[in-house]
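The values are calculated or read from the model by the stated rules, or taken from the named source; none is laboratory data. Predicted model, so just to flag it, every value in this text is computed and none were measured. Glycine gets a Cβ as well: all are built from the backbone with ideal geometry, and neighbour counts include every protein chain shown. Keep in mind that these areas ignore ligands, DNA and RNA; they rest on the heavy atoms of the full protein, side chains included. Shrake-Rupley method; radii C 1.70, N 1.55, O 1.52, S 1.80 Å.
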Amino acid sequence: MEIETILAQFASDTGYEDLPKEPIEVIRNVVLTVLGTTIAGATAEGCEILVNQTKEWGGKKEATILIHGSRVPAHNAALVNSVMARALDFCDAMSPGIHMGSSSVPTALATAELVGGCSGKDFLTALVVGSEVAARLNLPGATYDGFDPTGVCTIFAVAVIAGKLLRLNSKQMLNALALAFNRSGGSFQSNIDGSLAVRLIQGFVSQAGIICAQLAQKGLDGPKNFLEGIYGYFHLYAKDRYNPEFVVSELGERFEMTKVLFKKYPSCGGTLSSTDAILKIVRDKELTPEDVAQIDIKVVPYIYKLVGHPFKAGENPKVNAQFSIQYCVVNALLRKGSKLEHFDEPCIRDPRIMELTKKIYVHPDPALEKRGHNTALEMTVTTKDGNVHHKRVDTASGFPENPLNKEEHNARFEDCISYSGELLPRENIEKVVSLVNSLEKVEDVSLSMIPLLVRR
């Protein structure tokens, strides 16, 4: 049986009772994470513009734009909500840079409204199964070679999630995935240039995934060999280097989607180990900005190309800061932490930032690849009095090999809520947390959850 067919059958046939506890608990953390980042990102740069544009487009009132409250076509609600979820870059992720939760959760909520509601068990199942399909198709950074993994691969997750809640059969699910393949794309140049397209790609994925599932439901088809065909996914994106056994082996037993990064700091995953390292030195050596003569940071070439370039505030300071090792290190050194407010323009344009970045040197080091993780890092801090402090990081905080504890998960969620001000009443926040913790008992996710996530 072809890989494409196996994945489609897994996606359409798997039920809640087929799922082990671990992937369900991981998805529960993803849901809470993304709801937090959506609340915090609701008024971030570009989001309200997109809300207004979506209202202008009009259309059937199928699903809710979270926080802002308008109802629009489901695919457009998912577009806006996904952009808000990704706007602060504090959402979940997976190596080598795929962001799924910021699309999967908004897609599931919008589709749940579209179909007139769904149970918490169906909601969790769709999220687990969709995330697993995409995780099986996720590729190493070298094979993406500059394509944005979110735009290339997350679209398979959201097509499955929407298709699952639309109750597509295996044939329809195959076509939803095949159509999604034809909508995959996106470039990391958006990140390097510090453009708002970084978060828009997240929304494009969700929008296209719902559309593909709806079109497949109506009988429109896509290429049956969208993975292994001569011009399929594995040729175009994996450069014909892939392991078909990995894609389908132990499907439903081994869950790759559990290998999720929950960020400890609100910046690109490629900056997290640098932030870990400098904060450790600051704490252990009581280092101050005035002490520093020079900081040298060695990272793997993949990370260097993404976030190792010289920092410039530019036209989109927040995005440029989120995707800069120099900024993240200087920020942590200066403020002894890394919080959402530190990526707002007043903090970014602090004159001390640009002075200190002149002391930060980032270097690509291919030898670090032998450690087996993209976040491997060596940091050397030379002080003005001649002391040298060294820190090695093999895996940044928040990755599955170095996971956050419960207190750290709670702290990052609270950072989101605190940053949002009073967009939503604390009572609503507490009810949302309670619902997420007991999703399998919820009769209708859209009726229970959506009203709590709209500003009054």
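Brief remarks follow.
- At the residue level, Asp344 shows approximately 40 square angstrom of accessible surface with a 1.4 angstrom probe and all protein chains present.
- By the Cα gyration tensor, the range 193-322 has an equivalent ellipsoid whose semi-axes, rounded to whole angstrom, run 40, 20, 16 from largest to smallest.
- Counting only protein heavy atoms and using a 1.4 Å probe, the accessible area of His373 comes to about 20 Å².
- A Stokes-Einstein calculation at 37 °C with viscosity 0.692 mPa s, built on the Kirkwood radius of the range 97-239 over Cα pairs, returns a diffusion coefficient of 221 µm²/s.
- Spatial separation of Cα centroids for the range 238-279 and the range 193-229, in angstrom: 21
- Part-to-part distance (alpha-carbon centres) for the range 296-375 and the range 20-63, which is given in Å: 27
- The range 325-416: C-alpha gyration tensor shape, a/c 1.5 cut-off, then a/b vs b/c: oblate
- Helical content of the chain, expressed as a calculated mean residue ellipticity at 222 nm, amounts to -15500 deg cm²/dmol (DSSP H runs of 4 or more residues, -39,500 (n - 2.57) each, divided by residue number, nearest 500).
- The range 275-383: radius of gyration and largest Cα-Cα distance (Dmax), Å: 13.4, 39
- One decimal place: the segment Ser434-Ser187 gains 85.2 nm when fully extended, by the rule 0.36 nm per residue minus the C-alpha distance.
- Anchor Lys312: aspartates and glutamates whose Cα lies under 17 Å away (excluding residues fewer than 8 positions away in-chain): Asp193, Asp344, Glu345, Asp350, Glu355
- Relative intensity of the chain on a log10 scale, I(q)/I(0) at q = 0.12, 0.13 Å⁻¹, equals -0.97, -1.13, per a Debye sum over C-alpha point scatterers of equal strength in the absence of solvent.
- Under a 5 Å amide H cut-off, with hydrogens placed 1.01 Å from N, Gln294 pairs with Thr382 among residues at least 5 apart or on other chains.
- Förster radius 51 Å - calculated FRET efficiency between Arg254 and Lys384 (Cβ-Cβ, nearest 0.05): 0.45
- Counting only protein chain heavy atoms and rolling a 1.4 Å probe, the accessible areas of Tyr231, Tyr237 rank, largest first, as Tyr231, Tyr237.
- The DSSP beta bridges internal to the chain are antiparallel in roughly 75% of cases.
- Kirkwood-based Rg to Rh ratio, the range 8-78, C-alpha trace: 1.11
- When the listed pairs Lys259/Lys441; Lys305/Lys359; Lys384/Lys406; Lys224/Lys263; Lys263/Lys370 are checked against a 28 Å cut-off, the alpha-carbon distance exceeds it for Lys384/Lys406; Lys224/Lys263.
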